[in-house]
Every structure is written in C-alpha cells, then in structure tokens.
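The values are calculated or read from the model by the stated rules, or taken from the named source; none is laboratory data. If you're wondering where the values come from, they're calculated on a predicted model, not measured in any experiment. Virtual Cβ from ideal backbone geometry, glycine too; neighbours counted across all protein chains shown.
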C-alpha cells in the first residue's frame with residue numbers, strides 16, 4: 001500500500017555540538033540524512049518523501065540530493081519554530097491517504113516495520129513504532145526516588161509514526177486551536193481523543209542519532225548490517 005513520508009530535517013542539533021545540522025554529519029562517509037532517505041527511496045510503496053528544512057540550508061540539501069534516482073519523489077518544505085510546526089507545514093505537501101512522520105536522524109528503520117505501520121494506520125487510523133523498555137524506571141523528586149514504575153506496560157517510542165492523513169490533519173488543527181505543543185504526532189492524536197494509537201514493535205537498532213556518543217552505536221549498527229548482508 002502506498003504512503004508518503006514527512007521527514008523533519010530542520011533541527012539545530014545542539015546536543016550533538018557539531019556546530020551544524022547533525023544530519024550533515026557523515027556516517028561511514030555519507031551524511032546521516034542520505035542514509036535515512038535511502039530507506040524510503042528503496043521502498044516502492046513510498047510515493048513521496050517530504051523533507052522539512054531550514055530555508056538557509058535548502059541549497060545544501062538540493063546539492064546533496066541532486067542527480068539521485070529518487071530526486072523526482074523528493075520535495076522540500078520549510079520548517080517552523082518547533083518540530084510540530086514543521087510537520088504541520090509538511091502536511092501541506094501530502095496528497096495520499098497514508099502519511100508517515102519519521103525522524104531524519106533515524107537511518108536504521110527496517111522496511112518490514114514500515115509495512116506493518118502502513119497497514120495498521122490504514123486499518124485503525126494511527127500506529128507508531130516502539131520497543132519495550134528494558135531498564136528499571138524510577139520516578140524521583142529532587143533526586144530522591146518516590147516510586148518504581150512497572151516497566152511491563154512501558155514502551156520507548158520511535159518513528160515512523162503512521163496515520164490516515166485526515167486524522168493527522170485534524171489532530172494538528174486541534175492542537176493549533178488549543179495552543180497545545182506535543183512531544184510527537186501521536187501525542188496530538190491521543191490528546192484529541194477518539195482515535196486509538198496502536199503500537200508496532202520495532203527493534204533497538206532504530207536509534208535516533210542525537211549525541212556524539214550515538215555515533216559510536218550507529219557505526220556499530222552499520223558494521224553489523226554490512227557483516228550480515230556480506
């Protein structure tokens with residue numbers, strides 16, 4: 001089933017401390033964003049990739065992707081002040097029935113997970129990638145433990161997050177009217193109510209590259225996959 005994907009790529013990446021958009025950092029000789037785009041470019045079900053960028057970086061993105069086989073299905077949209085605003089802008093370029101939102105800094109999502117997300121979004125309206133929480137989680141106030149939380153019902157949320165377009169548009173319009181800023185797209189749908197958000201189990205390789213330490217793990221994932229595919 002066909003889908004379109006919005007890829008927020010307008011962040012400053014301050015936690016990376018690279019002095020530039022972290023998506024331009026090279027991972028095994030190629031910018032992180034190209035690794036991410038390659039996943040969706042290779043998926044025949046992906047009909048459009050919408051990269052949400054900063055106007056000042058448009059030239060860099062266009063030069064980076066010029067001449068690639070997927071250039072025809074890649075579209076650029078300008079971002080907003082917050083990630084939520086950037087996704088809202090990205091929605092203006094979506095024309096299909098199913099839309100995914102995926103972090104530009106998650107280059108290791110697997111296509112079988114994408115397919116499950118698309119199918120579930122078409123069926124129920126909203127689906128998100130996640131993995132079970134592995135560590136013990138404690139709630140603390142002023143660095144003093146007040147509660148140990150049962151982790152059996154806890155999930156670590158990832159992207160992609162998949163939706164029927166009409167549902168995500170409605171959730172964003174609701175958030176705009178209510179002046180509500182969520183932590184992800186699913187939180188808008190949850191807060192709006194009525195539509196259940198389903199979880200599709202992903203894997204721990206689908207990490208978000210956020211800090212310099214994450215680059216070590218990302219290189220390890222690439223090395224593992226190269227070995228498995230070699």
(message) Against the definition (touching a strand residue (DSSP E or B) at 6+ places or on another chain (Cβ under 8 Å) and either at pLDDT 95 or above or closer than 19 Å to residue 113 by Cα (or both)), how does residue 38 come out, yes or no?
(response) no
(message) With the condition being modelled with pLDDT of 95 or more and closer than 30 Å to residue 95 by Cα, I'd like the strands (runs of 3 or more DSSP E) fully within the stretch 112-174 carrying at least 1 qualifying residues.
(response) 126-132, 155-164
(request) Search the stretch 81-111 for residues being free of Cβ contacts under 8 Å to residues at least 40 places away in the same chain and more than 16 Å from the chain's Cα centre (by Cα), and hand back the single one that is surrounded by the fewest Cβ atoms within 10 Å (Cβ to Cβ). (result) 81
(request) Could you tell me which residue of the stretch 175-184 is nearest to residue 122 (Cα to Cα), considering only residues that are free of Cβ contacts under 8 Å to residues at least 24 places away in the same chain and outside any helix (DSSP H, G or I)? (result) 183
(message) Return the residues of the stretch 184-210 that are at pLDDT below 95 and out of contact with any helix residue (DSSP H, G or I) (no Cβ under 7 Å at 6 or more places or on another chain); say none if nothing qualifies.
(response) 193, 194
(message) Looking at residue 110 and the list (1) more than 26 Å from residue 203 (Cα to Cα); (2) out of contact with any strand residue (DSSP E or B) (no Cβ under 7 Å at 6 or more places or on another chain), which single condition is not satisfied?
(response) (1)
